[in-house]
Structure formats: structure tokens, C-alpha cells
Amino acid sequence: MRFQSPYQHSEEQLKFLKKLYLRQDDRSRQEDFLLISAAASQGLPIFPEVYSCAKKKYPQKPVRMAMSSLALQWKAIRRIGCLQDNFDNEKLVSEMYSLDKAYFERGEIHPKKLLVVFTTMYNNFYVSNLVLLSMLQELGVSVLILKDASVFNYLRGTSDFGDDLEATAIRIQELQTAQEINEVYVTGFSSGGYASLFISSLINCSGYLGFSIRSDLSPQSTLHSGKFFTEDVRRKISPRWLTDLRKTLLEKDGGVSRKLFFGAGSNLDAGHAKHLIGVKGLSIYGIENCGHVTPAPLLIKNLFQEEFRRLIF
């Protein structure tokens, strides 16, 4: 059950965006907004031209404000020094936009520090995988980017990194041994959040950073699990992985520092974050005037990359 969406960051989407860009005179309002938002979050060079055109077509103040926010995000992304070189690397672009192939890169400065990234079902981390990798390359750490473009959110494993969370944890530990890595950090956003937090309890984790995650998928939970995580999806997942992570983390020894961001404007995300209050070493931070997409305001304030720096160093 692969998730299909025009917002999924893939090579097909890049081709689709290119076609939209060339259709300057007959794009619909929805297509305009898809193009401008995708160009911003992926740091595409076409953004300034698309933004300028959209400003003329849509003078309404709320629309202008939303587009101005996207412009700030794009500028923050384009300040990443190695981004354009990565865009020019066709092989790397193909690997980053591939929907089901994990990617590992050994850090040039701190190779023995590893950050494991659980991307979303949209094959991104709000920003594209290529943008995120470029940010992390500036930190010089080793990076493992995991992908699951299905509705199962890693709970039935991935196509190339094990068939469930336990197998994924074993593969991470095997990679750690093979690469002589001393410290493993984990991060996840949105649909990659629950599995990433679970994995942080299954491996020897040095620190965790989560954005807008789920914390309780147990059958008796009163917290909503999201519109895509339906009863049909649940039935196809082992009950072992549908649990209350608060109980799981409370049963573990303390010592792991975990930090969560949630949008104060999202009752769903706030509920899952606050559910974890009381877990030793875990802190939560609500971002005002923000819904589900918590990386965006951090990006605008030049704090997104900084949070990864704080996590690892």
C-alpha cells in the first residue's frame, strides 16, 4: 500500500514541477500554490520567478503573507553552501528522490557520529531529503536516511532495511559496528515520528529529536492517530508495534536526552507530545502560530539546522 500524492518528493514530482513551471499562462490556482510551495521547500532555483509571478496574480493579503513565509524558507535553504553542488550531482539527486532506497553517507568531519533520519510518507522531512542532507553535511556527521513511502510508517519495515522495527534496529546496529560509529542519534518528523521514537528505545541511542510526532498508537489510546492511519492499516501491522510509547520509555533506563517540537495550533500533535510528559530526559516545546509543519518556522528563524547541531554536539 504505497502512498500516492502529487506532494510526494520523487523524481516524478520533479518532472511534474518542471512541466508546471513551463505552463506559465494556464496554471490553476491549486497548481500555482503547489509549484511555489514545492519550489520553496526543495530550494529549487525557479522559486524567485514563480514567486514574482504569483505575487502579481494573487494580491490578497493572507495569500501574500503565506507566500512571504515561503520566500523566507527558500532563502534560508539557499544559504546552505553545498546545496547547488548537490543539485548538480545527478546521481545524488536520484538517490535522494528515490522513494524506497535508504541512503548512507559517512561524515567527513565527525564520521563516528551517526544521525538516523526517518523521513515521512511524502519522502521528505518537510524540506526535501536533498536539502536535509545538505544541511547535515555542513555538520560533518555520518547520515543514514531511511524511507517508507507507504501508509505503514515503517511498522512493516522498509524495502531494504528490514521487515519490521526490530529488524531495522538490528540493521542500524550492524551499520554502527561496520562503520565503527560511537554515537547514534535519531530524528523523525510527522509520519516518520512514531517509528523514530520507538527505534530510539530499541538501540543504544545517544539522543533524539522529534517534530510533530505520534506517541501512542495503542488500541486503547484516546489520541487520534491521523487520517491515513486507518483501521484497515492497523489490521495489517503486528500488535507488537502498536503501543503506548510513554509506557515503553518509562520502562527504559533514563539517560537518553529526547526533545520534541509540536505546533501549538495543532491539538492532535499537542496531545501526542504532552502525553509524554514525565518521561525522564524528555522535553517538549510548543511553537506558537504553527500547525503541523514545525520545521518551517524553525527554518525561517535559522534554528532548524541549529537544533540538529544541539542534538549531536
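The values are calculated or read from the model by the stated rules, or taken from the named source; none is laboratory data. Everything numeric here is computed off the predicted structure, so don't read it as measured data. Note: ideal-geometry Cβ built from the backbone for every residue, glycine included; neighbour counts use all protein chains shown.
What the table shows:
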read-out	value
Cross-chain or 6+ apart pairs with Cβ under 7 Å, region 265-280 first and of a type in the set (D, E, K, R), then buried (at least 21 other Cβ atoms within 10 Å of the Cβ)	D269/S212; D269/F262; D269/G263
Subset tally (residues that are loosely packed, with under 15 Cβ neighbours inside 10 Å and without any contact (Cβ under 8 Å) to a residue 24 or more places away in the chain) for region 85-103	5
In region 95-116, the residues that are in a loop (DSSP other than H, G, I, E, B) and under 26 Å from T177 (Cβ atoms)	S98, D100, K101, A102, R106, G107, E108, I109
Per-region count, region 146-164, residues in contact with a helix residue (DSSP H, G or I) (Cβ under 6 Å, 6 or more places away or on another chain) and within 11 Å of I199 (Cα to Cα)	2
Counted residues, region 231-243 - those being surrounded by fewer than 18 Cβ atoms within 10 Å (Cβ to Cβ) and within 25 Å of L311 (Cβ to Cβ)	1
Odd one out for R258 among (1) surrounded by fewer than 19 Cβ atoms within 10 Å (Cβ to Cβ); (2) within 20 Å of L202 (Cβ to Cβ); (3) basic (K, R)	(1)
Residue satisfying all of: in region 131-190; polar (S, T, N, Q) and not in a helix (DSSP H, G or I); farthest from Y103 (Cα to Cα) among these	N182
So K75, is it out of contact with any Cys (no Cβ under 9 Å at 6 or more places or on another chain), at pLDDT below 95 and charged (D, E, K, R)	no
Candidate set: region 158-196, residues that are in contact (Cβ under 8 Å) with a residue 60 or more places away in the chain and surrounded by fewer than 15 Cβ atoms within 10 Å (Cβ to Cβ); chosen: the one farthest from the chain's Cα centre (by Cα)	E180
Members of region 197-210 that are assigned to a loop (DSSP other than H, G, I, E, B) and touching a residue at least 40 places away in the same chain (Cβ under 8 Å)	C205, S206
Failed item, numbered, when F228 is tested on (1) closer than 25 Å to Y126 by Cα; (2) buried (at least 16 other Cβ atoms within 10 Å of the Cβ); (3) in contact with a helix residue (DSSP H, G or I) (Cβ under 8 Å, 6 or more places away or on another chain); (4) hydrophobic (A, V, I, L, M, F, W, C)	(2)
